[in-house]
Structure formats: structure tokens, C-alpha cells
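Below is one structure; the comments refer to it alone.
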Amino acid sequence: MSRPLLPLFALVLALAATRLAAGTVVVTVKDDKGQPVADTVVSLVPLDSAAAAVPPPAEPAVVSQQGEEFTPYVTAVAVGTRVSFPNHDKIHHQIYSESPAKPFAIPLHGPGAEQTLVFDQPGIVALGCNIHDAMSAYVVILATPHFLKTPSDGTARLADVPPGRYRLDVWHPRLKGDPRRDIVVTADTAATQSISVSLKPDKRLRRAPDGGGGGYK
């Protein structure tokens, strides 16, 4: 009676062994003054095999319109992820992108409106608002399961990475140059990568929180 359980048990052991054999890559991104850089998307692209398929999450990512700004400024998602755009302002917005990875236009929509789109091609999508020119944000769509966006301390920890050779890609909206590099991930080890980047000046117009009372009514 127990024999049918053997294949399942073997599969569980194989999956556990694979997980134990995985490595970790810790990436720290700092600017040329040694300060940590948030909103940097770091990703690992395998060089010896195709990237594993990434099932999109069940829940959509969210890019809000609030205070006449997009929040968050940078969103990193896997290919096929749905992204929701709720309007939390008291005014109208009209979101659009002309980026090749996802050209679209969400018609003029008022407070409380929300629309969801599927981002099904890898690439960088720059967002804007036809009503408020100062609004800008980015959605980074990746065809690899190994990616993260750096928080305020500039450090991303990529766990459960199968051993092998990878290209470490680094992207930021103000990045100058291309700091990508090839790395080797080994089993059961943590590799640390320190990336120094040069950034263009931040020309965004930042608004003080006021409930989004101005602009198009």
C-alpha cells in the first residue's frame, strides 16, 4: 500500500536537494559618493541555459496616483504580471506610455477609478500623465525569476539561485553607463556584489502632500 508514495517522496527529496544546492547573491548599489541607491532593479540572467518560466503572481502589482505623483516610482515585475492603476487623488488623470514594451493609454479617469493592464513583454515602460507633465514612473518587466528592487539601504538579496553563470544587470531611471557584469553562483554560498554607479541629476518635480487638490478637476 505504501509503494505509490515512493515516487512522490522521491520528488520531494529532489526538490529539497535542489533548494539546498541553490546560492544567494547579495547586491549593494551605491553612487559615486558612496551613498546607497534605492529604486535600482537588479536581476540575474542565466548565460548557460534559458531562464526558468516565471508564473505571474495572482494579485496585480499596484502603481497609485496620489498627490499628483505615481507611487511607487519604480516597479519591477515578471513578464505577464497585471498592474493596477488606482486614482487616489481628488482630480482626474490620463495615464499613458509610448514605450515599445507596452504602449497604452488609459482615458481620462476621475477619483476612485482603477484600471488593470497586463505587462506581457520584457522591457522598460516609462509612465506619464497627459494632464500633469511632472508625473513620471517606470515599470520594469523581466523574463527571469531572479530580480529585486533595492530599498533605501541600496541592498538586494537574491536567494534560491541555481548554481551557474549569470549576467548581473543593473537598471535605474537616472543611471549613466552600463555596470552589468558576469558572475558565477555556486551552491550553498552567498556571493556579495558591490556596484558603484553614476547617476544623472534628479529633475523630478516633487510635490508636498496636499491631498491632490490641484490640477484638472
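List of remarks:
- Some residue of segment 44-66 being modelled with pLDDT under 95, touching a Pro at 6+ places or on another chain (Cβ under 6 Å) and surrounded by 17 or more Cβ atoms within 10 Å (Cβ to Cβ): yes
- Any hit, segment 22-32, residues being under 30 Å from residue 176 (Cβ atoms), at pLDDT below 95, more than 17 Å from the chain's Cα centre (by Cα) and not in a strand (DSSP E or B): yes
The values are calculated or read from the model by the stated rules, or taken from the named source; none is laboratory data. Everything numeric in this text was worked out from a predicted model, so none of it was measured. Reconstructed Cβ throughout: ideal geometry from the backbone, glycine too, with neighbour counts over all protein chains shown.
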